[in-house]
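Contents: one structure, followed by commentary.
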Amino acid sequence: MAYQLYRNTALGNSLQMSLDELIQSFLDTYRFCDYLWTFVLNNVEFREVTELTKVDETKIVACDKDTDSNTTE
């Protein structure tokens with residue numbers, strides 16, 4: 001898999017550290033069902049260059065790219 005190429009690089013290590021912090025600090029719930037990921041985060045800050053937005057709860061929904069449902073016949 002292509003993602004393994006980045007695991008021992010500075011980028012891969014930085015991403016892993018960020019994910020570890022996310023899990024310990026903000027992640028309240030996560031699910032994986034029918035190739036659909038759902039993450040619920042608490043007390044999240046979204047940052048733009050000059051703007052900061054704080055929210056109590058955020059839900060992120062993402063699809064697994066390797067699904068058979070994405071193929072057409």
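What follows draws every value from the coordinates through simple rules; no lab data is involved. Note that the structure is a prediction, hence the values are computed from the model and not measured. Note that we place each Cβ from the backbone using ideal geometry, even for glycine, and neighbour counts take in every protein chain shown.
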(request) Mind checking the range 10-58 for chymotrypsin sites (Phe, Trp or Tyr not before Pro) that DSSP puts in a loop (not H, G, I, E or B) and that have at most 14 other Cβ atoms within 10 Å? (result) Y35
(message) Contact order normalised by length for the range 2-66, with contacts defined as Cα pairs under 8 Å and 6 or more residues apart; what percent is it?
(response) 23
(request) Using the Karplus curve 6.51 cos²θ - 1.76 cosθ + 1.60 with θ = phi - 60°, work out ³J(HN,Hα) for each residue of the range 28-34 in order, rounded to whole Hz, and write x for Gly and Pro. (result) 9, 8, 9, 9, 9, 8, 6
